[in-house]
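Report on one structure; see the data block that follows.
Read-outs: derived from the displayed coordinates by stated rules, not from any lab. Computed from a predicted model, the values in this text were never measured in an experiment. Note: ideal-geometry Cβ built from the backbone for every residue, glycine included; neighbour counts use all protein chains shown.
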């Protein structure tokens, strides 16, 4: 690994730290959903960088599957929040 890889992975780790802090602090449920979506996007970026670092296409397949699942997770939470705001619980 080159020095730039260490810098990029460190900055991504810092981003994960900030998103986890926003997830814990909140204060609203919508803030937590946005931080969870941001966390998922950072993890997808980390997986893509691992694919580049290890020169393996398998990691890209994992990133694609993870991104599809993260998108579905976001849709489910959005539908839940929409129902909660309408009073339909």
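Distance between the modelled labels on residue 7 and residue 52, one decimal in nanometres: 1.3 nm (7 Å Cα→Cβ projection).
Once the Cα atoms are used to define both axes, helix 58-85 deviates from the longest principal axis of the chain by about 20 degrees.
Go through 57-70, 32-45, 2-15 and give me the packing order, highest mean Cβ count within 10 Å leading. Mind dumping the intermediate values first?
Values: 57-70: 13.6, 32-45: 16.9, 2-15: 11.5.
Sorting 57-70, 32-45, 2-15 by mean packing, highest first, produces 32-45, 57-70, 2-15.
The C-alpha atoms of the chain define a longest principal axis, and helix 3-25 lies at about 10 degrees to it. When only alpha carbons of segment 1-42 are considered, Rg and Dmax amount to 12.3, 40 Å. Orientation-averaged projection of segment 3-85 equals 5.6 nm² [convex hull of Cα atoms, one quarter of hull surface area].
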